[in-house]
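Here the structure is laid out as structure tokens; the discussion comes afterwards.
The values are calculated or read from the model by the stated rules, or taken from the named source; none is laboratory data. All figures in this text were calculated on a predicted structure; none of them were measured in a lab. For neighbour counting, all protein chains shown are included, and Cβ atoms are generated from backbone atoms with ideal geometry for every residue, glycine included.
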Amino acid sequence: MPAGFAEGVRRNMAEGEAGVGTLNCPETNSRVSVTRQALVLFGSPGSGKGTQAKLLVEHLGIPQISTGDMLREHIELGDQVGITVRDTMRAGSLVSDELVNGLVAQRLSSPETDRGFILDGYPRTLAQAVVLSKLLDSLHIREIVIHLVVDSDMIISRISGRRQCPVCGSLYNSASRPPKVSGVCDLDGQSLVIREDDKESVVRERLAAYDHQTRPLIEYFRETGRTFVEIDGSIESPKALFERIRQILCLHGLPS
Ligand code: ADP
């Protein structure tokens, strides 16, 4: 963890604005605050983490931290980080822990995360999970890990229909979430693209990386007593899945 990182986050959180995101919880007949809450969306490629993260951002008003999106932005910019990770990502392998931990650390030390944050695609290795746990423990932040469970056949069919807006990042799927006009983003009219790493051979590599390096984290989350909840992510409608996640967040009574 970079020196001063935890201190920076602690300071930002202490100075944070009072206005917090809240959830209506009919299940418990209450409203719960999401102040300083870390929500970790965990699951294989194509499990719906990115789509759910975007819905949660809208609903909770806390930012999404997607390491995949951050890395793609660096590639787009053509800077040193982008040049370093481009070939690894094209091959469907994971980039180095040190680099990803550094990117997340930088992002978490910014004031926009004061009220909480949604991690999407991080942690993805044991080394990343250990760094994150130490940080959250030192900040007295209790994270909720939500595992979206989807079987591999469905994942391949989902990813093959996936299209993304290169400008705003909105995700579409020709089967389950088509844009209003084929091939065009509903929000900004940009032509949708297939992510380079969504080609079938690369998808297989990404799934293999998930099996070998990421799936073992399930054991880690359980053994270390993190709040870890599994949800059937094969529910086709993103809104219905979001509703399940919302209920779980309510039932776990996010602390303020
Ligand atoms: P998906 O979850 O569908 O694979 P992401 O956008 O999260 O998509 O990740 C795309 C790629 O970015 C990964 O295949 C990997 O190369 C890289 N990446 C993203 N997050 C991490 C991470 N936490 N650790 C290492 N590599 C990462």
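Applying the selection to the stretch 194-214, what residues are among the β-branched types (Val, Ile, Thr) and buried (at least 18 other Cβ atoms within 10 Å of the Cβ)?
Selection gives VAL202, VAL203, THR214.
In the stretch 108-132, what count of residues is obtained for those that are of a type outside the set (A, V, I, L, M, F, W, C), part of a helix (DSSP H, G or I) and in contact with a Pro (Cβ under 9 Å, 6 or more places away or on another chain)?
Qualifying residue count, the stretch 108-132: 2.
Return yes when ASP232 is of a type outside the set (Ser, Thr, Tyr) and more than 30 Å from ASP87 (Cβ to Cβ) and no when it is not. Reasoning before the result, please.
On the way: of a type outside the set (Ser, Thr, Tyr): yes; more than 30 Å from ASP87 (Cβ to Cβ): yes.
So ASP232 passes the test.
Quick check on the stretch 110-128: of everything there that is near the ligand (Cβ under 10 Å from one of its atoms) and among the small types (Gly, Ala, Ser), which residue is surrounded by the most Cβ atoms within 10 Å (Cβ to Cβ)?
Start the filter on the stretch 110-128 by keeping residues that are near the ligand (Cβ under 10 Å from one of its atoms), which leaves 119-125, 127-128.
Now restrict to residues that are among the small types (Gly, Ala, Ser): 121, 127.
Working: GLY121: 23, ALA127: 15.
Ranking the candidates gives GLY121 first.
Would you check if GLU219 is of a type in the set (Asp, Glu) and either within 17 Å of ALA91 (Cα to Cα) or touching a residue at least 40 places away in the same chain (Cβ under 8 Å) (or both)? Please lay out each step first, then the result.
Details: of a type in the set (Asp, Glu): yes; either within 17 Å of ALA91 (Cα to Cα) or touching a residue at least 40 places away in the same chain (Cβ under 8 Å) (or both): no.
So GLU219 fails the test.
What is the number of the single condition among (1) modelled with pLDDT under 95; (2) crowded, with 18+ Cβ neighbours inside 10 Å; (3) β-branched (Val, Ile, Thr) that ILE146 does not meet?
Evaluating ILE146 over (1) modelled with pLDDT under 95; (2) crowded, with 18+ Cβ neighbours inside 10 Å; (3) β-branched (Val, Ile, Thr) leaves (1) as the failure.
ILE65 fails exactly one of the following numbered conditions: (1) among the β-branched types (Val, Ile, Thr); (2) crowded, with 19+ Cβ neighbours inside 10 Å; (3) outside any strand (DSSP E or B). What is the number of that condition?
Against the list (1) among the β-branched types (Val, Ile, Thr); (2) crowded, with 19+ Cβ neighbours inside 10 Å; (3) outside any strand (DSSP E or B), ILE65 comes up short only on (3).
Starting from the stretch 112-125, take each residue that is touching a residue at least 40 places away in the same chain (Cβ under 8 Å) and list its partners that are near the ligand (Cβ under 7 Å from one of its atoms) and assigned to a strand (DSSP E or B), counting only C-beta distances under 6 angstrom and pairs at least six apart or across chains.
Every condition considered, the pairs that remain are ASP120/SER66; GLY121/SER66.
How many residues, within the stretch 133-178, are part of a strand (DSSP E or B), within 15 Å of SER44 (Cα to Cα) and in contact with a Ser or Thr (Cβ under 7 Å, 6 or more places away or on another chain)?
The total comes to 2.
Report yes if some residue within the stretch 174-193 is in contact with an Asp or Glu (Cβ under 7 Å, 6 or more places away or on another chain), surrounded by fewer than 15 Cβ atoms within 10 Å (Cβ to Cβ) and under 21 Å from VAL57 (Cβ atoms); otherwise report no.
no
So which helices (runs of 4 or more DSSP H) stay within the stretch 194-256 end to end and still have 1 or more residues that are in contact with a Phe, Trp or Tyr (Cβ under 9 Å, 6 or more places away or on another chain)?
Those helices (runs of 4 or more DSSP H) span 217-223.
Need pairs with beta-carbon distance below 7 Å; first residue within 11 Å of the ligand (Cβ to nearest atom) and within the stretch 82-109, second among the charged types (D, E, K, R) and in a helix (DSSP H, G or I); sequence gap 6+ or separate chains.
MET89/ASP197; ARG90/GLU196; ARG90/ASP197; ALA91/GLU205; GLY92/ASP197; GLY92/GLU205; GLY92/ARG206; SER93/GLU205
Kindly list the number of the only condition in (1) surrounded by fewer than 16 Cβ atoms within 10 Å (Cβ to Cβ); (2) in a loop (DSSP other than H, G, I, E, B) that fails for ILE83.
With (1) surrounded by fewer than 16 Cβ atoms within 10 Å (Cβ to Cβ); (2) in a loop (DSSP other than H, G, I, E, B) applied to ILE83, the lone miss is (2).
Restricted to the stretch 27-79, and to residues that are at pLDDT 95 or above and at positive phi, which residue is farthest from the ligand (Cβ to nearest atom)?
Per the stated criteria, the residue is GLY78.
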